[in-house]
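To start, the structure itself, in structure tokens.
The values are calculated or read from the model by the stated rules, or taken from the named source; none is laboratory data. Not measured: the values here are computed from a predicted model. In this analysis, Cβ positions are derived from the backbone assuming ideal geometry, glycine residues included, and neighbour counts consider all displayed protein chains.
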Amino acid sequence: MTALQVKTRYVAALIFVIAILVRLGFAAISPAPPNIYDNEMHRAARSMAISGVLSNPYYCQTGPTAHVAPGYAAILALIYRFSKSPQLWIIAISTIISSLTYALLPWLSELLYGNIVIGAIAGIFGAFMPWLPGMEARGAWEVCWVACFLILAACLTIRGSLMKAGFVWGIAFLFGPALLPIFIVMAAFARRKAAAMVIIALAIVAPWIWRDYIQLGKPYWIRSNLGLELHVSNNPNSAANGYANLWATDSFDFHPAHGNVACAEVQRVGEAAYMATQMNAAVSWIRFNPAQFARLTLLRIWYFWSPAYGSRLRQIATFLTTLLALAGGLWSLRSCPASRGLVIGAFVAFPVTYYLIQADARYRAPIQPLLLLAAAYGAAESFKLFKKNLGVKASVQPAPLRNS
């Protein structure tokens, strides 16, 4: 083991411990939001704990579902099935996974930039400042798992351990199928070497796709709800922001988790048929309302990169971090060839889906650690450029005139 590897492990352990303490502290002193575990993910998981089938994500009984991804739901189902204190276990496991995500950043930094300093800065910042405390410390949704698997898969892919990477990518898809664009871009940059990675990843997800076909009558890429999300987000009354959609419009009447009529319709026609109807309605509205769709899309792009989440100070900090991250990403494309697949996949390809549906801060969460890493790199390169320009200006200053 080299000295750099030893140093990386020490720094990673420090970040891991800090992150755990911060998140456990948050969970201990901050009251949990009401109904934080009353969402589609946890309903489906509780149903799975009882019946063994991922099902019933809505308030009414609708049977087998692909509305949520199975990976996190299966972990929650085990907790609900065997634990007498499920919330404590959910908090503990979510805290560990979230902390591990930031602890992996020094390793990724070493692979991309040849040093661990950038990753250490990003990891410590992320450890002290959880992006979404309700997700990272309380496990309301699966986003911390998706982020962790993304960092691990990216490290293995960049390192060239493509068979191991394929296994991790396959598991990652079962938690976050929206990672597919990043996978495609990174595989394209790996070229012929990526064949084994692609085959292994697809072999892992194939049984679940087959399960969707058998139980729902249609093969999905892990989840079934894209058409529903598109219609909730693109209709005559929809807003660009998910919070506004939920509380200021009737857009969620289409959502079976919020509208009794919609839930009854899923019971009547089945999930696959209902989702197809929602997709058709969304596509039809977009086709006949291009100007309104364009306006909503531009607003959603803005909200993705500058989320209206938290206090005004937090929003400003997030915006500045985003600017540094985008600058760091551009610098990486030029100076760090190993980063190109990850940067283009995470910062260009991944967000496209979320430009089409209502904005929500948790949609950005899977790439938030990467944004912190890119922001740290952007800050370091900006400082180097500033020092260089300062040195140039100092060297060209005219010599002072001497008195004759």
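Scan the range 363-404 for residues that are hydroxyl-bearing (Ser, Thr, Tyr) and either outside any helix (DSSP H, G or I) or at pLDDT below 85 (or both) and jot them down.
Ser395, Ser404
Could you please let me know if Thr62 is crowded, with 16+ Cβ neighbours inside 10 Å and more than 26 Å from the chain's Cα centre (by Cα)?
Here the answer is yes, as Thr62 does meet what is asked.
Based on what the data block shows, is Leu174 in contact (Cβ under 8 Å) with a residue 24 or more places away in the chain, surrounded by 17 or more Cβ atoms within 10 Å (Cβ to Cβ) and among the hydrophobic types (A, V, I, L, M, F, W, C)?
For Leu174, the condition - in contact (Cβ under 8 Å) with a residue 24 or more places away in the chain, surrounded by 17 or more Cβ atoms within 10 Å (Cβ to Cβ) and among the hydrophobic types (A, V, I, L, M, F, W, C) - is met.
Out of curiosity, is Thr322 touching a Leu at 6+ places or on another chain (Cβ under 9 Å), part of a helix (DSSP H, G or I), of a type in the set (Val, Ile, Thr) and closer than 24 Å to Cys155 by Cβ?
For Thr322, the condition - touching a Leu at 6+ places or on another chain (Cβ under 9 Å), part of a helix (DSSP H, G or I), of a type in the set (Val, Ile, Thr) and closer than 24 Å to Cys155 by Cβ - is met.
Suppose we keep only residues that are of a type in the set (Phe, Trp, Tyr) and in contact with a helix residue (DSSP H, G or I) (Cβ under 9 Å, 6 or more places away or on another chain) within the range 10-26. Which one would you say is nearest to Trp107 (Cα to Cα)?
Applying the filter and picking the extreme gives Phe16.
Pairs under 6 Å by beta carbon, first residue surrounded by 15 or more Cβ atoms within 10 Å (Cβ to Cβ) in the range 307-324, partner modelled with pLDDT of 80 or more, six or more apart or different chains?
Pairs found: Pro307/Ala361; Tyr309/Ala361; Thr321/Ala375; Thr322/Trp305; Leu324/Ala375; Leu324/Gly378; Leu324/Ala379.
One residue is enough: does the range 27-44 have a residue meeting the conditions over 17 Å from Gln215 (Cα atoms), of a type in the set (D, E, K, R) and surrounded by fewer than 19 Cβ atoms within 10 Å (Cβ to Cβ)?
yes
Evaluate the range 301-309: report whether one residue or more is part of a helix (DSSP H, G or I), under 30 Å from Ile121 (Cβ atoms), of a type outside the set (Val, Ile, Thr) and touching a helix residue (DSSP H, G or I) at 6+ places or on another chain (Cβ under 7 Å).
Scanning the range 301-309 turns up at least one residue that is part of a helix (DSSP H, G or I), under 30 Å from Ile121 (Cβ atoms), of a type outside the set (Val, Ile, Thr) and touching a helix residue (DSSP H, G or I) at 6+ places or on another chain (Cβ under 7 Å).
Which one is surrounded by the fewest Cβ atoms within 10 Å (Cβ to Cβ) among residues in the range 233-250 that are within 13 Å of Asp360 (Cβ to Cβ) and hydroxyl-bearing (Ser, Thr, Tyr)?
This residue is Tyr243.
Working only within the range 33-89, note down all residues that are touching an Asp or Glu at 6+ places or on another chain (Cβ under 6 Å) and over 19 Å from His255 (Cβ atoms).
Tyr72 - this is the single residue of the range 33-89 that is touching an Asp or Glu at 6+ places or on another chain (Cβ under 6 Å) and over 19 Å from His255 (Cβ atoms).
When the residues of the range 199-219 are narrowed to those that are in a helix (DSSP H, G or I), exposed (fewer than 15 other Cβ atoms within 10 Å of the Cβ) and of a type outside the set (A, V, I, L, M, F, W, C), which ends up farthest from the chain's Cα centre (by Cα)?
The qualifying residue farthest from the chain's Cα centre (by Cα) is Tyr213.
Determine the pairs where a residue that is at positive phi, located within the range 218-232, has a partner that is surrounded by 19 or more Cβ atoms within 10 Å (Cβ to Cβ) and β-branched (Val, Ile, Thr) with Cβ atoms under 7 Å apart, the partner being 6 or more residues away or on another chain.
Partner pairs satisfying both residue conditions: Ile222/Val205.
Filter the range 234-258 down to residues that are in contact with a helix residue (DSSP H, G or I) (Cβ under 7 Å, 6 or more places away or on another chain) and hydroxyl-bearing (Ser, Thr, Tyr) and give me whichever is nearest to Ala66 (Cα to Cα).
Result: Ser251.
Only one of these is farther than 24 Å from Gly119 by Cα and out of contact with any helix residue (DSSP H, G or I) (no Cβ under 6 Å at 6 or more places or on another chain): Val261, Val198, Val205. Name it.
Of the residues listed, the single one that is farther than 24 Å from Gly119 by Cα and out of contact with any helix residue (DSSP H, G or I) (no Cβ under 6 Å at 6 or more places or on another chain) is Val261.
Quick one: Arg159 ticks every box in (1) within 30 Å of Ser284 (Cα to Cα); (2) in contact (Cβ under 8 Å) with a residue 24 or more places away in the chain; (3) surrounded by fewer than 23 Cβ atoms within 10 Å (Cβ to Cβ) bar one, so which box is it?
Of the numbered conditions (1) within 30 Å of Ser284 (Cα to Cα); (2) in contact (Cβ under 8 Å) with a residue 24 or more places away in the chain; (3) surrounded by fewer than 23 Cβ atoms within 10 Å (Cβ to Cβ), the odd one out for Arg159 is (1).
Tally time: how many residues in the range 154-180 are assigned to a helix (DSSP H, G or I), touching a Pro at 6+ places or on another chain (Cβ under 9 Å) and not aromatic (Phe, Trp, Tyr)?
Residues that pass the stated criteria total 3.
Out of the residues in the range 251-263 that are in contact (Cβ under 8 Å) with a residue 12 or more places away in the chain and not aliphatic (A, V, I, L, M), state the one that is surrounded by the most Cβ atoms within 10 Å (Cβ to Cβ).
Pro256
Going through the range 177-198 one residue at a time, which ones are surrounded by 24 or more Cβ atoms within 10 Å (Cβ to Cβ) and farther than 16 Å from Val146 by Cβ?
Met197
Give the residue that is surrounded by the fewest Cβ atoms within 10 Å (Cβ to Cβ), with candidates limited to residues of the range 92-142 that are acidic (Asp, Glu) and under 15 Å from the mean Cα position of the chain (by Cα).
Glu142
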